[in-house]
Amino acid sequence: MTKFTLILWVCSFLQGTACLAPIQAPGMYDTWYECSRAAHQESLSIMSKLGFREVNKHKLGTKYYCKKVKVY
């Protein structure tokens, strides 16, 4: 069976792209669609926690990847 795990990065887009260490979200997703939707929801949560000032000051954003994994 194939599942997906969500990996997110918080990045600064000031000069190119400088990202912090990846964050692996808990849980697995049955489809790319579910994982991708969760990525956007988790990104909103991260951005909210970082706050308006920090996000604007460092031009922060998120990148994500839904990694396919085999589950036995």
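Summed over the range 36-47, the residues that are under 16 Å from K68 (Cα atoms) and either surrounded by fewer than 16 Cβ atoms within 10 Å (Cβ to Cβ) or not hydrophobic (A, V, I, L, M, F, W, C) (or both) give a count of 2. Considering the range 3-32, the residues that are assigned to a loop (DSSP other than H, G, I, E, B) and under 13 Å from S43 (Cα atoms) include one that is modelled with the highest pLDDT, namely P22. Taking residues in the range 17-42 that are over 13 Å from K63 (Cβ atoms), and partners anywhere that are modelled with pLDDT of 95 or more and part of a loop (DSSP other than H, G, I, E, B), the pairs with Cβ atoms closer than 9 Å and at least 6 places apart or on different chains are C35/M28. Look through the range 1-35, keep the residues that are among the polar types (S, T, N, Q), closer than 26 Å to K70 by Cα and surrounded by fewer than 16 Cβ atoms within 10 Å (Cβ to Cβ), and return whichever of them is farthest from the chain's Cα centre (by Cα). By that ranking, first place goes to T2. Every test in (1) in contact with a His (Cβ under 8 Å, 6 or more places away or on another chain); (2) free of Cβ contacts under 8 Å to residues at least 12 places away in the same chain is passed by K57 save one, and that test is (1).
The values are calculated or read from the model by the stated rules, or taken from the named source; none is laboratory data. This is a predicted model, so every value here is computed, not measured. Reconstructed Cβ throughout: ideal geometry from the backbone, glycine too, with neighbour counts over all protein chains shown.
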